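Below you'll find the structure, written out as structure tokens, and then a few comments.
Values in this text are rule-based calculations from the coordinates and carry no lab data. Note that the coordinates shown come from a computational prediction; the quantities given were computed from them, not determined experimentally. Please note: Cβ atoms are built from the backbone with ideal geometry, for glycine as well, and neighbour counts cover all protein chains shown.
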């Protein structure tokens, strides 16, 4: 690459650790109800950068468990917030990172998630009944990580996801919903986890996804929208799962992501020169993990510059974590 | 934060920010407190409103309001009072939506309220509100989802909604959401075939005109691209599945020498046996092939229980390619010819993914000559490693039998009744898009290439092959242009180009035979050989034309995938050296070829990448599609193999019965323990990287 932009890994680590401590800003408070999601994003990034040891595992696990609702088996987004599958998956994922699923009543948590499956195979996010293919992915991912897929009707779950497939090859939030990169990630992920990717026309969806790359190298989430660094995860992981990631220009994308970094304070924003937040820090780095980092990164890594660990595209966890869960008894 | 500029913080900002933060913190704490205490007073409900006004994403506050409504409505009996309580909630949702038109919580609150059916819904108001929100952002997918929800809720007919999408498209062609909704409604209507709804032909002609108009207005605007591609797919593919190839093909005459079964060697009347595969190849994935949907008649002796097996990676039941293996056990007296009659009648058993049944009956016959041959089956002894004929001009080798041309015969599927219309429609589009393509429009060129290839496919159904080749050649030129015009998507065009190239190379006898020959290996019957070297092919297409191939040389290409080769059930030798295969999972289709004996994988990229892009394409423990775990345990315990590192190699090699393997020049080959692993997994392996396996 001509412009020598580097991945400012140390700054990112510092940024994530500070965000964990800066709970009182207005921004943190607005996001308070999704703090468990934030923890997953931040901690996964730390692991990708070989820095998970920068946090106290026991403290994190204690806090995670303080978001647990023993009567339902679900997790809230923060202490005192209602349980929902969105946060239950994050809790399970973080516990997987630390290899601490032992603190869970696994069957209770799995029953909570399984209990949200509807007659048509879809999943509600919580007791209030909102249905969305995001929740299908979350349910399948959570139950798979817990080795409890047998608690649900997997075939029906797959059928529902397939019923949300559109004529452009993508997927929406519900039958008839417009294709959107985030929703596509969820549906492709759900089908990947259940070995059902044959329902996808990989060339058709691959073309839709690779056309998300804009002239500036970044990826957008839908046709005729601006590029945003968070789609570097949704679009890339979907492309990896369907074996079409070579259809985008990785070098241009890498450059776009690195230009979104705040090199002084750490963090990555949605577009070059916008303010940073932890959501985008995760998605930016996760994107980078897919991009075979060009040679100068390898050289840097020899000079105490740690590389980025590979990530599993379906479970959105570091590959070594997923391999441990499914390959070791 | 989305769209917020990065700037340094000022001290006065800090103060204001911390005051604002303190207020929000108090509010959140109070709402959560009331929620936990189940306090549903007017005042406490009011606080939750304040919170949602600032932060519409505070989901627990929405839950709290739902509980409060349920609690308070119980006390009410006057319908007017109930209505007013619902209206209050609708207002809160509306305020929140004005603050954040993409708030999941607010949209769902509104749907939930309507679904409670506690009060009559003012649909006019709902549609008006929606219109306002869609005016602000015509692409708000929450809004469109709500529109579809309302349409269902109110029972609005699909053709009315179709008019609404037309209005939106007329406002602005660049509205992907409206095009999307149009495709949903139209396909619903087509499925329903509702009364008064015009013929598919007329509808598609009109839709082509509409979208083409939009595309010509601004060819770089993607809004109509995918709609056009959908129309093209609808126009160029037949409605019902068709058989497009088989092995053996119609009228083929095959001779097999029998293999003496070892167990029977010392008995008086020797029983000889031979496995003969039959492969059927359809134009789209189908399911339901069985002994009643496919009739097989012959005086040969084989097990009565014919099992058809889908040759696909996933156990979905659907596949383009199906195989069965006849275990012929005739007592062999002398040279004798047997006929095998195959027929596939119209069938409700055989259906495509879209649910269309098989309705073009085919009937064909092939002949099998059995030769009893006591000579050693040299091929199976592998005294020496098999060398690939590396000469590019292998054509000139003398002493070769001609390729039996009947093997190249493709069972021609029945021409569809309305394919004339399809062809005319596509020809009109081709003329139009030639204009756009001349302007160096990327989309114009790509669409033209797709139209040409679609025409080529229709042409193969009983029409001129020369014309077909012409279409392929023009498309190939367009892909070359596209690679220069849009280098970011270079590999997409290369993949598409590879399919067009494979089409061109195999669509007429004259071109194809240049790549075919008969190869004689020591101690073996002559083998039908195809050579596609150094063609820059990135993936395999038109495998249905290669079903008869026994030796295939695809070396020195840019293959990333071997999908399609699973259909080649006669394949014994495969050379895919010097390609870009990057994982064992990408080679999974080869595990379906039971005849494969010699495999050259040397100089690929296996083991060189940390991300395996075929990890979820291939059945694995991560996708819950394999009984691998037990096998892994066994290998780990007995052979001390590192399962975490080699799970993909284990799944691949344990299914192969190779006699010869070359894997030099791959990163994985130099890893510790890899050699031992391979030798353990393939006990019949005789030659490994050119050396004998002891």
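Observations
- Angle in degrees between helix B:59-73 and the longest Cα principal axis of chain B, rounded to the nearest 10: 60 degrees
- Ranked list, fewest to most other Cβ atoms within 10 Å of each Cβ, for B:125, B:338, B:104: B:125, B:338, B:104
- Footprinting exposure proxy for A:124, B:561 (fewest neighbouring C-beta atoms within 10 Å first): A:124, B:561
- Cβ-based exposure ranking for B:433, B:208, in which fewest neighbours within 10 Å come first: B:208, B:433
- Sorting A:171-180, B:279-288 by average packing, meaning the other beta carbons within 10 Å per residue, from highest down gives A:171-180, B:279-288.
- Cα gyration tensor shape of the range B:144-230, rounded if a/c is under 1.5, else prolate or oblate by comparing a/b with b/c: oblate
- Here the simple spin-label model places points 7 Å from the Cα toward Cβ, and for residue B:153 and residue B:98 these points are separated by 2.0 nm.
- Per-residue shielding of B:50-62, expressed as the average number of other chain Cβ atoms within 10 Å of the residue Cβ, stands at 4.
- Based on DSSP H segments of at least four residues, each scored -39500 (n - 2.57), chain B has a per-residue ellipticity at 222 nm of -13500 deg cm²/dmol.
- Per-selection metrics, chain B (Cα): Rg and Dmax in Å: 32.6, 105
- With an a/c value of 1.5 or above and a/b not larger than b/c for the gyration tensor axes a ≥ b ≥ c computed over the alpha-carbon atoms, the range B:18-148 is described as oblate.
- Cα gyration tensor shape of the range B:419-505, rounded if a/c is under 1.5, else prolate or oblate by comparing a/b with b/c: oblate
- Cβ-Cβ FRET estimate between residue A:111 and residue B:18, R0 fixed at 45 Å, reported to 0.05: 0.55
- DSSP beta bridges in chain B [antiparallel fraction, %, rounded to 5]: 70 percent
- On Cα atoms only, tilt of B:465-485 relative to the major axis of chain B in degrees: 50 degrees
- A Förster radius of 25 Å combined with the Cβ-Cβ distance from residue B:124 to residue B:77 puts the calculated FRET efficiency at roughly 0.35.
- Between residue B:490 and residue B:435, the C-beta separation translates, for a Förster distance of 25 Å, into a calculated FRET efficiency of about 0.50.
- Relative packing of B:133-140, B:640-647, which averages over residues the other C-beta atoms within 10 Å, highest first: B:640-647, B:133-140
- Gain in span if fully extended, residue A:62 to residue A:251, counting 0.36 nm per residue against the direct Cα distance: 63.9 nm
- The convex hull built on the alpha-carbon positions of the range B:477-550 has an orientation-averaged projected area of 5.8 nm².
- Computed from Cα positions, the angle between helix B:200-217 and the longest principal axis of chain B comes to roughly 70 degrees.
- Protection proxy ranking of B:340-352, A:43-55 - average other beta-carbon atoms within 10 Å, highest first: A:43-55, B:340-352
- Each label was represented as a point 7 Å from its Cα along the Cα-to-Cβ direction; for residue B:192 and residue B:290 these points are 3.5 nm apart.
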